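Have a look at the structure below, then the notes.
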2 protein chains.
Amino acid sequence: MSGNIELIAIRGLGEVYPDNDLAAMIGEAALNAGLQLLDGDIVVVAQKVVSKAEGRLVWLDEIEPGDQAREIALRQQRDPRLIEVILRESASLIRSDNHVLITETHHGFICANAGVDRSNVIGDEWVSLLPVDPDGSAERLRADLRRVTGANIAVIVTDTFGRAWREGLTNVAIGIAGMVPLIDFRGSKDDYGKDLSATVLAIADEVAAAAGLLMKKTARIPAVIIRGCNFDSGVGSARLMIRPRERDLFR
Amino acid sequence: MSGNIELIAIRGLGEVYPDNDLAAMIGEAALNAGLQLLDGDIVVVAQKVVSKAEGRLVWLDEIEPGDQAREIALRQQRDPRLIEVILRESASLIRSDNHVLITETHHGFICANAGVDRSNVIGDEWVSLLPVDPDGSAERLRADLRRVTGANIAVIVTDTFGRAWREGLTNVAIGIAGMVPLIDFRGSKDDYGKDLSATVLAIADEVAAAAGLLMKKTARIPAVIIRGCNFDSGVGSARLMIRPRERDLFR
């Protein structure tokens, strides 16, 4: 019988710069707040601080937009340099109209603007990119946080993505370490002994969404502890959460 | 400065039958567990128990499948009576292949099988449907829980929906009362003074997903209290979360 779950904000991280030791900063901020990481915690970290620590920032003044970027920028009345960066971060274009540019990133994620973002980055001319290997980012944070705190935890790197059909963004898991992201109930029985035929729960995305309730966009909470959530601590990867192209009816 | 958030399972509800007083059952189960609802709590209730209490159950033996249902059932090797019920619950067919049937419900939700579900319903011949008016269900539960417990709360009715592009189901809000479901940051500034141009957070779906971490599919936890989550307690509706057809690039 599982207990309740606590969502605990880690505040006071301070500004993150390239090559900062993010795990040390998170560990210190937790310590300063009187928080101790425990075995079985999930630490959810915002993509933005991970990208900053990894130097995944681009100075738009250095970008020379190509023809496709200029064409989209003209149609969408946006900065052609920004569009160029988005296209470089994209493996394919999924949909675009006069407002929205939805692409598949090189990781396989489908989201607006390939995750390229101007907000919460210093200066108008800088934008942040998604980490090159968010699973790797999560795994390094997990190992480093274990070294710093001694706790055996899972780590999720999260970003806010839009959805088809529904308004608003939600936090999803783009990098995962120490946690199996999907719970597969197929073959198990419901409470009446019937097969649960088509039930795979995206637990890592639900964890990320829960953390999103504390992170919000302006709250300066780049990391959240999820305590008390049962999960399978096997090998995880956010790539397991990407529906294979051949089974995706919405590309 | 917001504090932490607690997710608290309400257990021991017992089987729900048509015309049961669900709010009284939830209030009693909470009381038996030593839980007191507080002003500002969000109570997330699983669609399945709401549908059962509202008698939204269909006996498949009474269903005569039409031609379209028979054709889809043959292609998907499924029960034609079940397909007939799904089609009756649908306003339009969005996508189907040899395995999946994704439709728009009469409410406007886009999900697999129009929310019609065989699991966790007694007997192989019964299926459950989504509530006719999930916002109304949430509003009645909210008023009734206030009467029973004295607490001024918000209520979300949740179901697990699939997503485009990503594997696995997550809990989303299909009925909302006492809570504005979207937080619109447009026009506000990020932590660096820049406009947050395209940021609308689907807080109600993040609350539902958080509750999903405790509900799971077989855990007999049909209601979860979310405590400590800041939200706008204005008039809400899950319909606000449906992207209007003319702005939806993925139908």
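FYI, it's all coordinate maths here, none of it is from the lab. No experiment lies behind these values; they were computed from the predicted model shown. Cβ sites come from the backbone with ideal geometry, for glycine too, and all protein chains shown count toward neighbours.
Structure above, values below:
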item: Nearest-first distances (nm) between copies at A:ASP67, label 7 Å from Cα via Cβ; result: 5.0
item: Net charge of neighbours whose Cβ lies under 13 Å from the Cβ of A:HIS107, counting Lys and Arg as +1 and Asp and Glu as -1; result: -2
item: Pair B:ASN4, A:ASP39: separation of 7 Å Cα→Cβ label points (nm); result: 2.0 nm
item: Gain on full stretching of the segment that runs from A:ASN152 to A:LEU74 - 0.36 nm per residue minus C-alpha separation; result: 23.1 nm
item: DSSP-loop trypsin sites (Lys or Arg not before Pro) across region B:130-212, with at most 14 other Cβ within 10 angstrom; result: B:ARG186
item: Most mobile listed residue (A:GLY193, A:GLY115, A:GLY228) in chain A, GNM with C-alpha springs under 10 Å; result: A:GLY193
item: Spin-label model distance (nm) - B:LEU93 vs A:ASN32, 7 Å beyond Cα toward Cβ; result: 6.0 nm
item: Antiparallel %, DSSP beta bridges [both residues in chain A], to 5; result: 85 percent
item: Set of aspartates and glutamates with alpha-carbon distance to B:LYS194 below 17 Å, sequence-local pairs under 8 removed; result: A:GLU15, A:ASP79, A:ASP117, A:ASP124, A:GLU125, B:ASP184
item: 5 Å-binned pair-distance histogram of region B:1-127 (Cα, whole percent); result: 2, 10, 16, 17, 14, 12, 10, 9, 6, 3, 1, 0
item: Cα gyration tensor shape of chain B, rounded if a/c is under 1.5, else prolate or oblate by comparing a/b with b/c; result: oblate
item: Percentage relative contact order, chain B, counting C-alpha pairs under 8 Å, at least six apart; result: 26 percent
item: Most fluctuating residue given options B:LEU130, B:LEU74, B:LEU145, as computed from a GNM of chain B linking Cα atoms under 10 Å; result: B:LEU74
item: Whole-Hz ³J(HN,Hα) from phi, Karplus 6.51 cos²θ - 1.76 cosθ + 1.60, for region B:28-40, glycine and proline x; result: 5, 4, 4, 4, 4, 8, x, 9, 10, 6, 10, 3, x
item: Ascending list, in nanometres, of distances separating the B:GLU28 label from those of the other copies (7 Å, Cα toward Cβ); result: 5.6
item: Exam field: A:SER92 pseudo-label spacings to other copies (7 Å along Cα-Cβ), nanometres; result: 2.4
item: Across A:LYS52/A:LYS216; B:LYS189/B:LYS216; A:LYS216/B:LYS48, pairs whose alpha-carbon gap is larger than 27 Å; result: B:LYS189/B:LYS216; A:LYS216/B:LYS48
item: Loop-located GluC sites (Glu not before Pro) in region A:1-35 whose Cβ has at most 14 other Cβ within 10 Å (DSSP); result: A:GLU15
